[in-house]
1. Output the residues belonging to region 5-28 that are part of a helix (DSSP H, G or I), surrounded by 10 or more Cβ atoms within 10 Å (Cβ to Cβ) and aliphatic (A, V, I, L, M).
2. Cβ-Cβ distance below 6 Å, separation of 6 or more or different chains: which pairs start in region 250-266 with a residue that is more than 16 Å from Lys229 (Cα to Cα) and end on one that is among the small types (Gly, Ala, Ser)?
3. Within region 178-206, work out how many residues are closer than 17 Å to Lys249 by Cβ and either of a type in the set (Phe, Trp, Tyr) or part of a helix (DSSP H, G or I) (or both).
4. Looking at region 293-300, is at least one residue surrounded by 14 or more Cβ atoms within 10 Å (Cβ to Cβ), without any contact (Cβ under 8 Å) to a residue 40 or more places away in the chain, touching an Asp or Glu at 6+ places or on another chain (Cβ under 8 Å) and of a type in the set (A, V, I, L, M, F, W, C)?
5. May I ask you to say which residue of Asp94, Asp59, Asp86 is over 30 Å from Asp142 (Cβ atoms) and of a type outside the set (Ser, Thr, Tyr)?
6. Mind telling me which of the residues Ser200, Ser192, Ser187, Ser214 ends up being surrounded by fewer than 19 Cβ atoms within 10 Å (Cβ to Cβ) and modelled with pLDDT of 90 or more?
7. Check whether at least one residue in region 52-60 is of a type in the set (Ser, Thr, Tyr), farther than 20 Å from Thr117 by Cα and either in contact with a Lys or Arg (Cβ under 7 Å, 6 or more places away or on another chain) or assigned to a helix (DSSP H, G or I) (or both), and report yes or no.
8. Which residue out of Glu182, Glu234 is surrounded by fewer than 14 Cβ atoms within 10 Å (Cβ to Cβ), out of contact with any helix residue (DSSP H, G or I) (no Cβ under 6 Å at 6 or more places or on another chain) and at pLDDT 95 or above?
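The values are calculated or read from the model by the stated rules, or taken from the named source; none is laboratory data. This one's a predicted model, so the numbers in the text were calculated from it and none came from an experiment. Backbone-built Cβ (ideal geometry, glycine too); neighbour counts: all protein chains shown.
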Amino acid sequence: MTYPNTRLRRLRKTETLRSMVAETSLEPQKLMWPLFVVPGEKVRQEISSLPGVFHLSVDTLVKEVQAAWDDGVRSVLLFGVPETKDVKGVSAADENSLVAQAVRALKKVLPDLIVATDVCLCAYTTHGHCGVLSEQGDILNDPSLELLANMALAHAKAGADIVAPSDMMDGRVAAIRQKLDEQDFSSTIIMSYAAKYASSFYGPFRDAAHSAPSHGDRKSYQMHAANAKEAMREIECDVQEGADIVMVKPALAYLDIIHRARERFDLPIAAYHVSGEYAMVKAAAAKGWIDERAAMMESLMAIRRAGADIIITYYAREAAKQLA
């Protein structure tokens, strides 16, 4: 039916009415908070390219997360920013790494907190790439898998609920699943960065994680922005290899990929609201050009509406407060 019998504005009259008929909801438990762990004690240093995001030592991180728990945050994603790097990134698999220390400390004080850990070599290598390099500077896929699997195992031993491989090496989910199962960590969840695009929106993150490649780029292993069908192939491969959750990254520039994944796959879909997407809102709000809180909530709702079950966002704590 059409106007005048149908008047769609009737259902938009008040906030209560709009909320009642809303097709999509956003809850704090759907948000995962990314955090950067650094060496030292009592460290809380703001990252210049990510206003409101901090480098945190383990002791400070625990206090921050305890406060965020009171605000409604129920999950975190940890990134290590180590001082020690080498060509192969072997320190990534150290059972006393910064990430492992942070996992143990968090689970001790907040046992119900869901702790996820990033599994990638880029922050641990001198060259900043996500895998082992050949003498010619090419990324060697298969030799990288054992290191990644050992890194995931170290995190699982520390108590991580979720390990999240972000490297984009072929076969890494299978390698990690096999390693975890062999070592009696069959209950550890794998959240795969399945459709991770080579994106210009990662700039502030690489500054925060000290993980920018020293030469070249990551286009030989991260996905091309033009490809959607390939994303479904990537996700399908990770599902077959044992991924429990699959992720699309970035989120806002790839809402169509999130939607396609939601329509095709039945397992949980995560989406990463990445550093560049966050920083753009911060920058525009600092100039007074947009309402930051409104833009934050609209962005997160768009990601949720596209089909994401989990949203990884630097706004997790602020959004949780808003949703309380």
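1. Leu11, Leu17
2. As it stands, the answer is Pro250/Ser199; Ala251/Ala271, since those pairs meet every condition given.
3. 9
4. Looking through region 293-300, at least one residue is surrounded by 14 or more Cβ atoms within 10 Å (Cβ to Cβ), without any contact (Cβ under 8 Å) to a residue 40 or more places away in the chain, touching an Asp or Glu at 6+ places or on another chain (Cβ under 8 Å) and of a type in the set (A, V, I, L, M, F, W, C).
5. Working: Asp94 fails: over 30 Å from Asp142 (Cβ atoms); Asp86 fails: over 30 Å from Asp142 (Cβ atoms).
Step by step, each of Asp94, Asp59, Asp86 is checked, and only Asp59 is over 30 Å from Asp142 (Cβ atoms) and of a type outside the set (Ser, Thr, Tyr).
6. After ruling out the rest, the residue left standing is Ser187.
7. Just the residues of region 52-60 that are of a type in the set (Ser, Thr, Tyr), to begin with: 57, 60.
Filter again for farther than 20 Å from Thr117 by Cα, leaving none.
No, because not a single residue in region 52-60 is of a type in the set (Ser, Thr, Tyr), farther than 20 Å from Thr117 by Cα and either in contact with a Lys or Arg (Cβ under 7 Å, 6 or more places away or on another chain) or assigned to a helix (DSSP H, G or I) (or both).
8. Just one listed residue meets the conditions, Glu182.
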